[in-house]
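Undergrad: Got a structure for you, questions after.
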Amino acid sequence: METQRLILRPWTETDAESLYKYAKDPAIGPIAGWPPHASVENSKDIIRDILSAPETYAVVLKETNEPIGSVGIMFGDSVHSADMKEGDAEIGYWIGVPYWGQGLIPEAVNRLLKRCFDELDTKRVWCGYYDGNLKSRRVMDKCGFKYHHTEERKISPLGDERTEHFTLLTKDDWNKK
């Protein structure tokens, strides 16, 4: 899939070095609930075990052909955090620190929303963020998500307790955009 500045494509093991370059940064993973990558080999394992899931994409900058982040659509039968019903999906994302504030993730998320609503006939798309992750919330706002609910004392993948806020975008709201 393409946008103006990005290519969204499946991850490959040859992306491990680029993935490690950005995912090792402690400003990225922990705020989203996952540990910084420890090595190129660790990144390669994560590509094989996690980023190879269906509808999970490397965010590749057209200008450099380098993967600089990740976006994905998760359905009720996969790992997810929202209380999803039939016809629902959840979108997750992150991008390397040097690319923060350039509107690249909203561009990628909007392409995934188009995929969800226009190609996969999804009815509702969820997006969640942990307390304090205001950059992630900003992406949701830019993409039209509306606050839905907050869940306290959730155990993150890192094992700590957090407050998670959920936003939702319906197909009807998408079609009004």
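Undergrad: On full extension of the chain, what length is gained from Glu86 through Glu13, given 0.36 nm per residue of separation minus the C-alpha to C-alpha distance?
TA: Length difference between fully extended and current span is 23.0 nm.
Undergrad: Quickly estimate the mean residue ellipticity at 222 nm for the chain, helices only: each DSSP H run with n ≥ 4 gives -39500 (n - 2.57), and the total goes over all residues, rounded to 500.
TA: -7500 deg cm²/dmol
Undergrad: A further question follows. If packing is taken as the mean number of other Cβ atoms within 10 Å per residue, what is the order of 64-71, 89-96, highest first?
TA: Top of the packing list down: 89-96, 64-71.
Undergrad: Test of understanding: express the Cα radius of gyration of the chain as a ratio to 2.2 N^0.38 Å, with N the residue count.
TA: 0.97
Undergrad: Pull out the extension gain between Lys142 and Trp100, defined as 0.36 nm times the separation in residues minus the alpha carbon to alpha carbon distance; nm, one decimal.
TA: Extra length available between Lys142 and Trp100 comes to 13.7 nm.
Undergrad: Still on this model: Of all DSSP beta bridges located in segment 1-152, what percent are antiparallel, nearest 5?
TA: 85
Undergrad: Provide the gained length on full extension for the span Lys176 to Leu158, in nm with one decimal, where the gain is 0.36 nm per separating residue minus the Cα-Cα distance.
TA: Full extension from Lys176 to Leu158 adds 2.7 nm.
Undergrad: Per-residue counts of other Cβ atoms within 10 Å, averaged by peptide: what ranking do you get for 29-42, 128-141, highest first?
TA: Per-residue Cβ counts within 10 Å, averaged per peptide and sorted highest first, yield 128-141, 29-42.
Undergrad: Take the chain, connect every pair of alpha-carbon atoms lying under 10 Å apart with a spring to form a Gaussian network, then pick out the residue of Asp88, Asp121, Asp160 with the largest mean-square fluctuation.
TA: Asp160
Undergrad: Would you mind working out the magnitude of the charge dipole of segment 6-176 relative to its Cα centre, with +1 at each Lys and Arg C-beta and -1 at each Asp and Glu C-beta, to the nearest 20 Debye?
TA: Taking the Cα centre of segment 6-176 as origin, the dipole is about 500 debye.
Undergrad: Suppose we keep just the DSSP beta bridges with both residues in segment 67-177; what percent of those would be antiparallel, to 5?
TA: Around 90 percent antiparallel, to the nearest 5.
Undergrad: Do any of Lys62/Lys135; Lys24/Lys62; Lys85/Lys123; Lys44/Lys114; Lys85/Lys135 go past 19 Å between their Cα atoms, and which?
TA: Beyond 19 Å: Lys62/Lys135; Lys24/Lys62; Lys44/Lys114; Lys85/Lys135.
Throughout, read-outs are computed from the coordinates displayed, never taken from laboratory work. In this text, all values refer to a predicted model and were calculated from it rather than measured experimentally. Neighbour counts are summed over all protein chains in view; Cβ atoms, including those assigned to glycine, are modelled from backbone coordinates with ideal geometry.
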